[in-house]
Amino acid sequence: ARGNKIVYTNHGSLDGVSQTAFAAWGDVPVCSICRWRDDASVCSDARNLGWGEFRNSVADYQCLLGGNRADFNTAATVHEVPEFYCLDPEVWRPDLEVPERFILAPLPAGAVRLYHGVGDRASRTDDEGVNIKCSHIYRPLIEKLRGSGHDLALIEPTDVPNRDVRYLQVQADIFLDMLTYGFVGAMAREAMMLGKPLVAYLRREWMESMRREIPDYADELPIVQATPDTIESVLRDLIAHPDRRKEIGERSREFAVKWHS
């Protein structure tokens, strides 16, 4: 009413996109493992589309990252803007000094620390341990790898403030993120800014959508691609090659400083 410009920042599968449309992405939709798929107070076609219609009616410019272009996210006002989703590179840096109370116990030579964080774990995980972060895939796999002789330590922090969790993250060797969603979120940006290799699934359609507006970002993204079918071989390879982890981590830091600082 005052003529001011309104900028809106989009985040998540339900922001302006119906559950039906989002569930159409891929052969095995991530909605099938989402804790809130049957909770209409959180996610439903009517709720998501109602918000999208209002949102688009008032916003002059909308920031998105991840290429989820369906329903109200196809509006001309919606743009891929990685720079908005940012971190302070001095706060999140590879040479972070860890306070004594956060220092983890030393590991034997050759051991590897894996980081798998789930924000709001309790509310996002069902009674069977299933969540969109794919904890139900990672935990059995890690036990299998341990059984075959790999010395692995798993970091799974819960209810640790963001300002503190970075001290645990910086001690990890490999970050494990979503294997069915199609893109990544805040934890991935934290991992890259800390110079760590990150494993996740990148949906081809979304990458193509991003490439049309931010081609360099899509081409330079250093995330290690994996699916539920390939994660074991991908993880075995990273565990076996510390030099490759180091190289990916260095590229990840450079990428994060360029696009997310």
Inset, instruction - Name every residue in the range 126-154 that is under 19 Å from the mean Cα position of the chain (by Cα) and buried (at least 18 other Cβ atoms within 10 Å of the Cβ), in order of residue number. - result: Asn131, Ile132, Lys133, Cys134, Ser135, Ile137, Tyr138
Legend entry - Selected residue [assigned to a helix (DSSP H, G or I) and in contact with a His (Cβ under 7 Å, 6 or more places away or on another chain)] from Arg163, Arg189, Arg139: Arg189
Inset, instruction - Taking only the range 10-31 into account, find how many residues are of a type in the set (Ser, Thr, Tyr) and either at pLDDT 95 or above or exposed (fewer than 12 other Cβ atoms within 10 Å of the Cβ) (or both). - result: 2
Inset, instruction - For residues that are open to solvent by less than 20 Å² (accessible area, probe 1.4 Å), assigned to a helix (DSSP H, G or I), under 22 Å from Asn68 (Cα atoms) and not aromatic (Phe, Trp, Tyr), tally how many sit in the range 208-242. - result: 3
Legend entry - Among residues of the range 37-94, those that are touching a residue at least 12 places away in the same chain (Cβ under 8 Å) and either within 19 Å of Pro215 (Cα to Cα) or touching a helix residue (DSSP H, G or I) at 6+ places or on another chain (Cβ under 8 Å) (or both), counted: 39
Inset, instruction - Would you please name the residue that is least open to solvent (accessible area, probe 1.4 Å), looking only at residues in the range 32-75 that are out of contact with any Ser or Thr (no Cβ under 7 Å at 6 or more places or on another chain) and of a type in the set (D, E, K, R)? - result: Arg55
Inset, instruction - Would you please name the residue that is farthest from His260 (Cα to Cα), looking only at residues in the range 76-117 that are exposed (fewer than 13 other Cβ atoms within 10 Å of the Cβ) and of a type in the set (Gly, Ala, Ser)? - result: Ala109
Inset, instruction - Examine the range 168-186 for a residue that is assigned to a helix (DSSP H, G or I), within 25 Å of Gly119 (Cα to Cα) and either at pLDDT 95 or above or over 17 Å from the mean Cα position of the chain (by Cα) (or both), and state whether such a residue exists. - result: yes
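The values are calculated or read from the model by the stated rules, or taken from the named source; none is laboratory data. The shown structure was predicted, so the numbers you read here are calculated from the model rather than taken from an experiment. Glycine gets a Cβ as well: all are built from the backbone with ideal geometry, and neighbour counts include every protein chain shown. What goes into the accessible areas is simple: the full protein's heavy atoms, side chains included, and nothing from ligands, DNA or RNA. Shrake-Rupley method; radii C 1.70, N 1.55, O 1.52, S 1.80 Å.
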